[in-house]
Amino acid sequence: MLQNLEKRKCDDTLVILGGNSNPGLAKEIADMLGTHTADVLCGRFPEGEIQVQIRDNIRGKDVFILQSTCTPANDNLMELLILIDAAKRASAKRVTAVLPFFGYARQDRKDRPRVPITAKLVANIITKAGADRILTMDLHAGQIQGFFDIPVDHLYSINVVSDYLKKKKLENLVLVSPDIGGIRMARAYANILGCPLAIVDKRREDAAKTHVMHLIGSVEGRNVVITDDLISTGGSLVEAARALKKAGALDVYAAVVHPILAGPAIERLQSSDLKELIVTNSIPLDERKQIPMIRQLSVAGLLAEAIHRIHHNESVSALFSKAGVEA
């Protein structure tokens, strides 16, 4: 998929522009595409308002703005909107918002009275700001693609993570979905790794607390990998790992795409039954979160390949099939 990407030199009509959320990933992608990130002032006025100026000429160019809406979510979302507006007013030919992590995705339906659908609201705002298309990865819910009225390319990091798991050569492995909603992705991992599947049936008490009710499938005497799209406070994952160990599992690993790691997450992980937490760099890890049990994998190659294909009007769906997940 990415074998010759490092040798490709993009033409000068492609521009990689990064906000403050993940400058390291933006630079890594630009390096793979044989270019550099655009010169952008993305700072603050004295009272805290966001100040943006694109210092490079982007008139008539194909602009890709990389910005994860991670912590601080409100600031990073606002930065993204202002960067999009600045690019449109600078006469960019096309503006693609590249969201390695799409925040505000956990409220994607009205599951209780008088609650918003923030995923749809944020999709509307990004579209209204002037984005022409979206490139994102491992959405919390697949239907969020339909919340946008512009083209959306939804990538999966499953190959990046499964390649790492293959290198570990874990024997007698079973893949575990942490809930019913994650079965589809866990099954894709199980197919790639050639191992059986189990499911944790849990009850969510509130946004930060869950209780494991049942385990569907056998994990006794097996090494286990739990897959999920994000980890926030870590309560759900730690509870699942405890239940799996109690059911006779050997080593328990977790492969989680987006490492939000809010509040007590790090402390919970360090005192948990998990042997290793595998995450991607869709969200950067600050120094406090860089603990030995966390292994962070880069998705720069995946995003760079998708950007190259979009820029050259090539098929991106080939990346879906290679991920073992249907588009």
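The values are calculated or read from the model by the stated rules, or taken from the named source; none is laboratory data. This one's a predicted model, so the numbers in the text were calculated from it and none came from an experiment. Virtual Cβ from ideal backbone geometry, glycine too; neighbours counted across all protein chains shown.
The table for this structure:
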{"quantity": "Test: residue in the range 119-131 that is in the same structural domain as I310 (by TED's automatic domain parsing), more than 19 Å from D228 (Cα to Cα), in a loop (DSSP other than H, G, I, E, B) and over 16 Å from the mean Cα position of the chain (by Cα)", "calculated": "yes"}
{"quantity": "Test for V160: is it surrounded by 18 or more Cβ atoms within 10 Å (Cβ to Cβ), among the β-branched types (V, I, T) and either out of contact with any helix residue (DSSP H, G or I) (no Cβ under 8 Å at 6 or more places or on another chain) or assigned to a helix (DSSP H, G or I) (or both)", "calculated": "yes"}
{"quantity": "Which listed residue, of A105, A92, is at pLDDT below 95 and not assigned by TED's automatic domain parsing to the domain that holds G182", "calculated": "A105"}
{"quantity": "Residue identified as over 15 Å from the mean Cα position of the chain (by Cα) and closer than 23 Å to D228 by Cβ among V95, V63, V115", "calculated": "V115"}
{"quantity": "Whichever residue in the range 255-283 is more than 16 Å from T233 (Cα to Cα) and under 19 Å from the mean Cα position of the chain (by Cα) and, among such residues, is surrounded by the most Cβ atoms within 10 Å (Cβ to Cβ)", "calculated": "S282"}
{"quantity": "Which listed residue is farther than 20 Å from K169 by Cα, free of Cβ contacts under 8 Å to residues at least 60 places away in the same chain and either touching a strand residue (DSSP E or B) at 6+ places or on another chain (Cβ under 6 Å) or among the acidic types (D, E) (or both), from E276, E267", "calculated": "E267"}
{"quantity": "Residue selected from the range 99-143 under the condition in contact with an Asp or Glu (Cβ under 8 Å, 6 or more places away or on another chain) and within 17 Å of V316 (Cβ to Cβ), by the criterion surrounded by the fewest Cβ atoms within 10 Å (Cβ to Cβ)", "calculated": "R133"}
{"quantity": "Filter result for T96 (surrounded by 16 or more Cβ atoms within 10 Å (Cβ to Cβ), among the hydroxyl-bearing types (S, T, Y), assigned to a helix (DSSP H, G or I) and in contact with an Asp or Glu (Cβ under 8 Å, 6 or more places away or on another chain))", "calculated": "no"}
